[in-house]
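Please read the structure below before turning to the comments.
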């Protein structure tokens, strides 16, 4: 499921970058102020290249983390209820969950980048060239989602289901 969602988010990000390459004028805003008005300009090539590279970089970093989490010694992994998860009987499940968490963050971030790219194309092709208020909604929604996931990970996700948690939480 997580790999499929990641693949879909990568396709959507790629489609947004292609849409930007096709739709943007030669001179485009490449940065907007806190008031959602453009404050720096660049070329379509600069915008498309930067957008593509950020997506590739995020994907490479977080997929790389997922791959690394499968291979590093379990004693290097800091997780709540470490004694439980470092037990060889639970190590496979720990690694599976860690990989899922890394891929979920990657998926959410690629989706954010895709939507932001589409909103930037919309702004660059509008007469005012201002970002929509939806930009703030999308960014705040992303941050709230990531924060919620982090809190769930820290408090619930790694709590042992079998009640065999050690007395001291690490």
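Here is how the numbers come out for the structure above:
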{"read-out": "Length-normalised contact order of the chain in % [C-alpha pairs under 8 Å, at least 6 apart]", "value": "32 percent"}
{"read-out": "Separation between Cα centres of the range 1-22 and the range 108-126, rounded to whole Å", "value": "12 Å"}
{"read-out": "Residue order, fewest to most surrounding Cβ atoms within 10 angstrom, among 137, 115, 79", "value": "137, 79, 115"}
{"read-out": "Acute angle (nearest 10 degrees) that the helix 44-71 long axis makes with the longest principal axis of the chain, alpha-carbon atoms", "value": "0 degrees"}
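All of the numbers you see were taken from the coordinates with simple rules; none came from a lab. What you see is a predicted model; the values in this text were computed from it and never measured. FYI the Cβ positions are ideal-geometry reconstructions off the backbone, even for glycines, and counts take in every protein chain you see.
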